[in-house]
Amino acid sequence: MNEISQSKPWTCVVAEDEALLRQALVAELRRAWPGLQVVAECEDGASAVESLAEHQPDVAFLDIRMPGLTGLEVARIATDASPRTRIVFVTAYDQYAIDAFEHGAVDYLLKPVKRERLDATIERLQARDALPDSAALAALLDRLGALPKQAGAVEPLTWLTASAGRETRLILVDDVAYFRADQKYTTVVTADGEALLRSSLRELLPRLDGNLFKQIHRGTIVNLKAIAGIVRDDSGRGTVRLKHRPETLLVSQPFMALFKHM
């Protein structure tokens, strides 16, 4: 494939939670598009959001299913955090979703990514001069969000077993106000206090109900039911007030897009 000359090199963010698949995609991109600058390789949705806001890349390759924020949620945030970024979804979805992509404003790659398909996607990206159509992207995201769950999808957790000193507590997930990263563990915060969960935030993320629990910072996930209010400051960041806790939680500026319609 002949690369189209550019006065300014294109930049790219790759977000894929499977390390081997991420490395393979980056290697294929460097083969097919030598002038492309991969400015960030992300293993989850939160780091993808932060990278998009920081680098404002020309294109983002987003795995749809990632821990925490999905590729769909990252794409929604990108319309505010990095509106010039063209989105390419990387997916293992079935034909129903592929039909949605075929009528959408973005391109897609099926796993495992085939070289010929990637080459065609790159050619389409290079041929587009206009900024992404945010309205068409929003319509596509709504359509994809309404699709049924994939077969084999893990049901969200209902209970957690966490420790508080010598006591082991059984905590109803609905009672959790927020989760906070604590090195390789996770602090679980409820109206009654704190406990320690012996798994990382990254390990916990895929087991939470994404409709109720939202990542608002790299190290914080909040239960939407526990939020009393949100205040935006002059820098674009936000502060969450909780219903039954005295402390407030910081919302990183890119993540404020999650609350745009609340």
Next on the checklist: What whole-number distance in Å separates the alpha-carbon centres of segment 15-37 and segment 226-262?
Outcome noted: 34 Å
Item to check | In Hz, Karplus ³J(HN,Hα) per residue of segment 42-55 (6.51, -1.76, 1.60; θ = phi - 60°; x = Gly, Pro) | outcome: 10, 9, 7, x, 5, 5, 5, 4, 5, 5, 4, 5, 6, 9
Checklist entry - What FRET efficiency would be calculated for the residue pair ALA191, ASP133, taking the C-beta separation as r and a Förster radius of 41 Å, to the nearest 0.05? => result 0.40
Next on the checklist: Tell me the relative contact order for the chain as a rounded percent, counting alpha carbon contacts under 8 Å between residues six or more apart.
Outcome noted: 14 percent
Item to check | Using alpha-carbon coordinates, inclination of helix 115-127 to the longest axis of the chain, degrees | outcome: 80 degrees
Checklist entry - GNM, the chain, Cα, under 10 Å: largest mean-square fluctuation among GLY35, GLY193, GLY210? => result GLY193
Item to check | Charge dipole magnitude, Cβ of K and R +1, D and E -1 - segment 11-145, Cα centre, debye nearest 20 | outcome: 320 debye
Checklist entry - Summing +1 for each Lys or Arg and -1 for each Asp or Glu, what net charge is found among the other residues whose Cβ lies under 14 Å from the Cβ of TYR185? => result +1
Checklist outcome for this item: Per the charge dipole of the chain (beta-carbon charges, Lys/Arg positive, Asp/Glu negative, Cα centre), the residue among VAL176, ILE122, GLY165 reaching farthest to the positive end is GLY165
Checklist entry - Treating the beta-carbon of each Lys and Arg as +1 and of each Asp and Glu as -1, no other charges, what is the dipole magnitude of the chain about its Cα centre, to the nearest 20 debye? => result 360 debye
Item to check | Within the chain, percent of DSSP bridges classed antiparallel, to nearest 5 | outcome: 65 percent
Checklist outcome for this item: Magnitude of the Cβ-charge dipole (Lys and Arg +1, Asp and Glu -1) of segment 159-259 about the Cα centre, nearest 20 debye, reported as 180 debye
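Values quoted throughout were computed directly from the atomic coordinates according to the rules given, and no laboratory measurement underlies them. These numbers were taken from a predicted model, which means no experiment stands behind them. All Cβ positions, even for glycine, are placed from backbone atoms using ideal geometry, and neighbour counts span all protein chains on display.
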